[in-house]
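What follows is calculated from the coordinates using simple rules that are stated; it is not laboratory data. Everything quoted here is computed from the prediction, not taken from an experiment. No Cβ is skipped: glycine too gets one built from the backbone with ideal geometry, and neighbour counts run over all protein chains shown.
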Ligand code: G6P
């Protein structure tokens, strides 16, 4: 949510900043802006809309400088407008900064600063930080601080953040100190790339790819003081933490569109590979179980677990629901799936044998991070199922499982969902084999999992049929998504995908629960998508389908290959390969991803950058 970039070095900063903003645009695309320092002045360009619009105005009216910052915005305080776009200036322009996060006490601070004579031009919370840094600087200079000493500026930032309540990733330039960039974080991610005589700053590692191979993630309460020939980390108490330099693992190829028109489509079609990556090296045929390198829990501790809490947001929460069914079925351990935004403020009773898993693609979702920290504080083993290597959640968890799905750029999550479900299946298998699950049962699950990449490949062939179905229904304004057991979370996820990128109202429901309300919505203009592969209660799902048909509701069915019965009842059928009931979400979710994609395309929506959304929600 909001992306930040920064550069200090010998080159013109513009190239890195603008390219970095393009790569970070998934974090927000309400507006974009840059600030470049040229001698003792700072030029600013900012504009509502996409990074490409910013690039256009910079082309017409260029600015120069070898130190700079940039920002792509997801609006929280103040509507998307040119004036509310970052960077913001403080004082009389002596401070320029960009911010990711929310300053919760901004109105108190703003009133105080107004009384001191500061004039506010924007409706943002960020402007408060800019004026506050300028004020702290002014005060310390008045008290005799040395304007030629870098520490004077570091202290102005440090005393500002002491007064801020909320979350921030900040990158600050000072008009009168060319070549100095100060960055600091609490709750919003920042990473520094180390080059030769140059440093790069970004909200995540993607802008750094191709620019550097060594990176340092900032931790909360850390401040980076960067010039072209020095990079120092400081904690708020003035100490210098040990700097942990890591190798950057991403490649440019991971973020290229290749032959695809949209990242979402590319990521949907990557799923045979991403599922294979999630499985690689994690199946133990001899013991008929799963193995993970990074759980950091010994078998005794794992056996003692008597309850599991899965916490997440959005699509990851839906994956958690599938995980609940799997773990309870295979391992007979009670599982709860908690919205992270609720869990962080609730205080559910949890025994010391409760294990927590935070499920997250980005590893930066503010609510998931806060829920995880709250559970950790109470002493529970807290693990992460995460895609983004080096993200805050991955670093702070006691252990965890990486998805290895590669960067997911489309705002609507697709491949991360199926990788999360794959990893949760392996986890359920591991816990099951430590308890009730038999060796033959374990073997059967492993062989089904091993076949999954090929099954997904076959499933993707349904795209032509999906296109046909999309053409028929894309003008509908309401959709119902219905499924039972393992396909209930799939129905929720299918509805979410459609809402996110097509702006169509869609509700996901357990198919039988439909009778308790949503059936009132059924009419000839409201399609119902039944996720109805063969399963234990298939006949019951058929009855629900008949109930919709009896009320003239059009039915789109997701069914197993060769299901002639459903082909007679439903208006349209999208067939998927027959797989074990427990693994059905991996195949049934795919036509729903494609359906949402194709409907969004037909409605002319921006699939990869849907309105109002952001890929990584780093504010509450
Ligand atoms: C945002 C994204 C969703 C994602 C959710 C949780 O809402 O748009 O696609 O599922 O955040 O994100 P996480 O990175 O924690 O999985």
Theoretical gain in end-to-end length, residue 543 to residue 516 [0.36 nm per residue, Cα-Cα removed]
8.2 nm
Whole-number D in µm² s⁻¹ for the stretch 422-494, Kirkwood Cα-pair radius fed into Stokes-Einstein, 10 °C, 1.306 mPa s
104 µm²/s
Counting only helical runs of four or more DSSP H residues, what would the 222 nm mean residue ellipticity of the chain come to if each run contributes -39,500 (n - 2.57) and the total is spread over all its residues?
-11500 deg cm²/dmol
With Cα coordinates, the longest principal axis of the chain makes an angle with the long axis of helix 439-459, in degrees rounded to 10, of 70 degrees
Calculate, in nm to one decimal, what residue 332 and residue 561 gain on full extension: separation in residues at 0.36 nm each, minus their alpha carbon distance.
79.3 nm
Quick one: which of 219-231, 534-546 comes out on top by average Cβ neighbours within 10 Å, and what's the full order, highest first?
219-231, 534-546
Any chance you could list P(r) for the stretch 263-602, counting all Cα-Cα pairs in 20 angstrom bins from zero, rounded to whole %?
33, 57, 10
Cut-off 15 Å, label 7 Å out along Cα→Cβ of residue 143, residues of the stretch 159-188 by amide N:
159-163
Please report, in Å, the Rg and the Dmax of the chain, where both are computed over Cα atoms only.
25.7, 85
Please give the peptides 31-37, 449-455 ranked by average Cβ packing (other Cβ atoms within 10 Å per residue), highest first, as a rough proxy for protection.
31-37, 449-455
Which angle from 0 to 90°, rounded to the nearest 10, does the C-alpha axis of helix 126-142 make with the longest principal axis of the chain?
30 degrees
Peptide ranges 149-162, 509-522 listed from the most packed, as the mean C-beta count within 10 angstrom indicates:
149-162, 509-522
Calculate the spin-label point distance for residue 536 paired with residue 471, positioning each point 7 Å from the Cα along the beta-carbon direction, and give it in nanometres.
4.1 nm
For an R0 of 45 angstrom, estimate the FRET efficiency from the Cβ-Cβ distance between residue 376 and residue 254 and round to the nearest 0.05.
0.90
In degrees, nearest 10, range 0 to 90: what is the angle between the Cα axis of helix 314-331 and the longest Cα principal axis of the chain?
50 degrees
